[in-house]
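In what follows, a structure is listed as C-alpha cells, so that the remarks can point back to it.
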Amino acid sequence: MSKYFGTDGFRGEANKTLTVQHAYKIGRFIGWYYGREHRCQVVIGKDTRRSSYMLEYSLVAGLTASGADVFLMHVTTTPSVSYVVRTDDFDCGIMISASHNPFSDNGIKLFNSKGEKMDDEVIDEIEKYIDDEIPELPLAQDREIGRASDYSAGRNRYIGYLISLAMYSFKGKRIGLDCANGSAFTIAKSVFDALGAKTYVINNKPDGFNINTNCGSTHIDGLISLVREEQLDCGFAFDGDADRCLAVDDKGELVDGDKILYIYGSYLKERGKLEGNTVVTTVMSNLGLYKAFDELGISYEKTDVGDKYVYECMNDKGYILGGENSGHIIFSKYENTGDGIVTALKIMQAVCGKKTTLSELAKGMKTYPQILKNVRVTDKKIVLNDEDVKAAVKAAEDALGTDGRVLVRPSGTEPLLRIMVEAKSKDICLNYIADIEKVVRDKGYAAD
C-alpha cells in the first residue's frame, strides 16, 4: 500500500490529511510528467462536497503551472471521467471524490489515458514529489503556461452513451432512484427518463454537506421505504460519485452486489455470452454466491478487496463481469471501472429481457448471514501480525469449518480493521466477531 494513495485514490479529511498543498503538488507533477513531449491535457470531474471546489482549483493551479491544459466537467460521476479520458484521448483524468465517505472527507482519484486506475509506478513518483524526495519541477513560462476551460459537453456525451447502452424501453416501469445527494443527482434521472421510465427520485438536492448522509448505497433503508410505499418495480441507490449501485426489488428487498453478479452472470450464461464462463469476485463475496454459481456451473475468481484488483484480473484473463458485494460492478465491454448507472441499466436489461421481476431473478441465490464490524485501530499492520489476534481468527475458522468463514483485513482507505464473519445465523456471526474484537481491544490496539 502506498503512503498516500490507497486502492481508490488519495483519500482523507479535507484540509487535514488531504490538503490544497497535496492537490497542487499532484497537479504540478501530472502536468510535468505527461507534458514532457507535448502539451498535456487533463480532464477533471468532482462530486458535490463543499471541499471539492478548493481541491479542483488547487489541481488546476498546479497543472497549468506545469504547462497543462485542463478541461473541467464540473459535478459529474467517477465513471464519466473514466469514459471521457479514453474516448477523447486525454493524457490523464482526475476525479475529486471520497466516494461513500462523509462530506468532511474528500479524495483524488487518478486515471490513465485508457480510463483505468493510474499505474502504480506513476503513483509512486507522485508520492515522492509530495514528500520532496525528487527535485523541484520546472514551471511553465510564457506561452507554455496552461489554461482551464469548461468541458460540460463531455458529461453530456456520457449521458448519451449511457442511453445508447439500453437494449429495451423502460416504458411502463416505475423505478426509484436514490442519488445520495451526490454526483448522480442530475445524470441518473436524465437517463431513466429518456428511456421511458416513470422515475421517483430521492436525495437529489445536494448542498455540499449532505452527500451520503443517511442516503445512497450505504444507507439503503430510504430507498426500501420508497419502493414499498410507492409499490415500484425496483429501485437503485448510488454512492457519492456513482461508481457503486445497490438495488431494491419489487418486494422491497435488498439486491446487493453479490446478487447483481448472480443475476447478470446467469443472464449472460443463458445466452452463451459469459466469457470464460467466469465471474470475478473479491474475498468479501458471500458464500451463497459461490454455492449458487456452483449449481449453475459458473466458475469464479477471487481477488483482494478493491475494484482495482477485480479489473486487473478481468483485464488479464479476458473476463467481462466482476465486482464487489458493496456494489462496485464492472462490465468491461462498456467501462474500465465500476459504474453505478451502467449497473442499473444492465439489471433492467435482465428484467426486461426475461420479462420477469427483479425478485424472481434474485431468488436463486440464498445469502448466508454476514456481519462486518469495523474497529478503528492505531496501526493496521501491527494488529494483523499480532499472534494473539491471528490465534483468535484461527479458532473461529476451526469452529465454523465448512459452515461459515472468517475474514479479517485492513481498510484500504481508512484506519480500520474490518472483521467479517459468515455463518448460519447472525448470532453465531456476532459471537465470533466479539471474540476477535475483544482480543484486539485487550491488546490495546483500538483507537476509539
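The residues of region 369-402 that are closer than 20 Å to residue 289 by Cβ and touching a strand residue (DSSP E or B) at 6+ places or on another chain (Cβ under 9 Å), listed by number, are 369, 370, 371, 372, 397, 400. If the Cβ limit is 9 Å and pairs must be 6+ apart or interchain, which residue in region 270-281 that is assigned to a loop (DSSP other than H, G, I, E, B) pairs with which residue that is of a type in the set (Gly, Ala, Ser)? Note: pairs meeting the criteria are 271/353; 274/265; 274/266.
With 448, 403, 386 as the choices, which residue is under 30 Å from residue 297 (Cβ atoms) and in contact with a Lys or Arg (Cβ under 7 Å, 6 or more places away or on another chain)?
On the way: 448 fails: under 30 Å from residue 297 (Cβ atoms); 386 fails: under 30 Å from residue 297 (Cβ atoms).
Exactly one of 448, 403, 386 is under 30 Å from residue 297 (Cβ atoms) and in contact with a Lys or Arg (Cβ under 7 Å, 6 or more places away or on another chain), namely 403.
Screening residue 294 with (1) over 18 Å from the mean Cα position of the chain (by Cα); (2) surrounded by 18 or more Cβ atoms within 10 Å (Cβ to Cβ) gives one miss only, at (2).
Being out of contact with any Ser or Thr (no Cβ under 8 Å at 6 or more places or on another chain) and crowded, with 24+ Cβ neighbours inside 10 Å is the filter here, so list the residues in region 313-337 that pass it. Step through it out loud before you land on a result.
From region 313-337, those out of contact with any Ser or Thr (no Cβ under 8 Å at 6 or more places or on another chain) are 316, 318, 328, 332-334; that's our starting set.
The one that is out of contact with any Ser or Thr (no Cβ under 8 Å at 6 or more places or on another chain) and crowded, with 24+ Cβ neighbours inside 10 Å: 328.
List every residue pair whose Cβ atoms lie under 6 Å apart, where the two residues are 6 or more positions apart in sequence or sit on different chains, the first residue falls within region 15-30 and is of a type outside the set (A, V, I, L, M), and the second residue, located anywhere, is modelled with pLDDT of 95 or more and outside any helix (DSSP H, G or I). Filtered contacts from region 15-30: 28/66; 28/137. Remark: pairs (first residue in region 53-64, touching a residue at least 24 places away in the same chain (Cβ under 8 Å); second residue assigned to a helix (DSSP H, G or I) and crowded, with 22+ Cβ neighbours inside 10 Å; Cβ separation under 6 Å; 6+ apart in sequence or on different chains) = 55/23; 58/23; 59/23; 59/27; 62/27; 62/28; 63/27; 63/31. Restricting region 245-291 to residues that are more than 18 Å from the chain's Cα centre (by Cα) and basic (Lys, Arg), which is surrounded by the fewest Cβ atoms within 10 Å (Cβ to Cβ)? Applying the filter and picking the extreme gives 271. Looking across region 347-364, just one residue is surrounded by 24 or more Cβ atoms within 10 Å (Cβ to Cβ) and closer than 18 Å to residue 160 by Cα, and that is 348.
Among the residues of this structure, residue 310 counts as one that is free of Cβ contacts under 8 Å to residues at least 40 places away in the same chain and either buried (at least 20 other Cβ atoms within 10 Å of the Cβ) or small (Gly, Ala, Ser) (or both). Of the residues making up region 122-161, those that are surrounded by fewer than 16 Cβ atoms within 10 Å (Cβ to Cβ) and hydroxyl-bearing (Ser, Thr, Tyr) are 149, 152. In a helix (DSSP H, G or I) and either in contact with a helix residue (DSSP H, G or I) (Cβ under 8 Å, 6 or more places away or on another chain) or not assigned by TED's automatic domain parsing to the domain that holds residue 338 (or both): does that describe residue 80? It is true that residue 80 is in a helix (DSSP H, G or I) and either in contact with a helix residue (DSSP H, G or I) (Cβ under 8 Å, 6 or more places away or on another chain) or not assigned by TED's automatic domain parsing to the domain that holds residue 338 (or both).
Condition first: in a loop (DSSP other than H, G, I, E, B), aromatic (Phe, Trp, Tyr) and buried (at least 17 other Cβ atoms within 10 Å of the Cβ). Now tell me which residues in region 162-219 satisfy that.
170
Selection of region 391-412 for residues being in contact (Cβ under 8 Å) with a residue 24 or more places away in the chain and polar (S, T, N, Q) yields only 411.
Could you go through region 31-49 and let me know if any residue there is surrounded by fewer than 22 Cβ atoms within 10 Å (Cβ to Cβ), touching a residue at least 12 places away in the same chain (Cβ under 8 Å) and under 23 Å from residue 210 (Cβ atoms). Within region 31-49 (the criterion being surrounded by fewer than 22 Cβ atoms within 10 Å (Cβ to Cβ), touching a residue at least 12 places away in the same chain (Cβ under 8 Å) and under 23 Å from residue 210 (Cβ atoms)), the answer is no, since none of the residues qualifies.
Of the residues making up region 187-219, those that are more than 15 Å from residue 247 (Cα to Cα) and free of Cβ contacts under 8 Å to residues at least 24 places away in the same chain are 189, 193, 214. Here 300, 264, 309 are screened, and the one residue that is within 22 Å of residue 359 (Cβ to Cβ) and not in a loop (DSSP other than H, G, I, E, B) is 264.
In region 341-353, the condition of being more than 22 Å from the chain's Cα centre (by Cα), farther than 30 Å from residue 87 by Cα and at pLDDT 95 or above is met by no residue. Here the helices (runs of 4 or more DSSP H) wholly within region 335-387 that include at least 1 residues being under 21 Å from residue 306 (Cα atoms) and among the hydrophobic types (A, V, I, L, M, F, W, C) are 340-354, 380-385.
Being closer than 17 Å to residue 151 by Cβ and either modelled with pLDDT of 95 or more or outside any strand (DSSP E or B) (or both) is true for just one of 26, 30. Which residue is that?
That would be 30, the only listed residue that is closer than 17 Å to residue 151 by Cβ and either modelled with pLDDT of 95 or more or outside any strand (DSSP E or B) (or both).
So how many residues does region 174-186 have that are over 22 Å from residue 352 (Cβ atoms) and either without any contact (Cβ under 8 Å) to a residue 12 or more places away in the chain or among the small types (Gly, Ala, Ser) (or both)? Total meeting the criteria: 3.
The values are calculated or read from the model by the stated rules, or taken from the named source; none is laboratory data. Bear in mind that the values here come from a model prediction, so they are computed numbers and not experimental data. Neighbour counts run over all protein chains shown; Cβ positions are idealised from the backbone, glycine included.
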